[in-house]
């Protein structure tokens, strides 16, 4: 029987999932489109037809937040160079 002064070690297990809270990817396609609209500070309906087609193809291909931000910024920065420098609020 263990005495009150005995210390019993706890079993530990490291996290296997590097993203347990879904922070690196969008949960679904709709969340990704909302994220892109927030990044651009305007509704996606105001994009040119070819840009909107690009955004839809990108979201169909991946939901990774970093990839989406890099590709949207690279594609639309020629038309709007201050995307990266804007504050979080539009």
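The values are calculated or read from the model by the stated rules, or taken from the named source; none is laboratory data. Note that the structure is predicted; figures quoted are calculated from it, not measured. Cβ atoms come from the backbone with ideal geometry, glycine included; neighbour counts cover every protein chain shown.
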(message) Quick check on the stretch 52-62. Is at least one of its residues surrounded by 10 or more Cβ atoms within 10 Å (Cβ to Cβ), at pLDDT 95 or above and more than 18 Å from the chain's Cα centre (by Cα)?
(response) yes
(request) With the checklist (1) within 17 Å of the chain's Cα centre (by Cα); (2) at negative phi in hand, flag the one item residue 41 doesn't pass. (result) (2)
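Working only within the stretch 74-87, note down all residues that are outside any loop (DSSP other than H, G, I, E, B) and either surrounded by fewer than 14 Cβ atoms within 10 Å (Cβ to Cβ) or at pLDDT 95 or above (or both). Outline the logic, then answer.
So the first thing to find is which residues in the stretch 74-87 are outside any loop (DSSP other than H, G, I, E, B), and the list is 74-76.
If the condition is that a residue be outside any loop (DSSP other than H, G, I, E, B) and either surrounded by fewer than 14 Cβ atoms within 10 Å (Cβ to Cβ) or at pLDDT 95 or above (or both), then 74 is the only one that fits.
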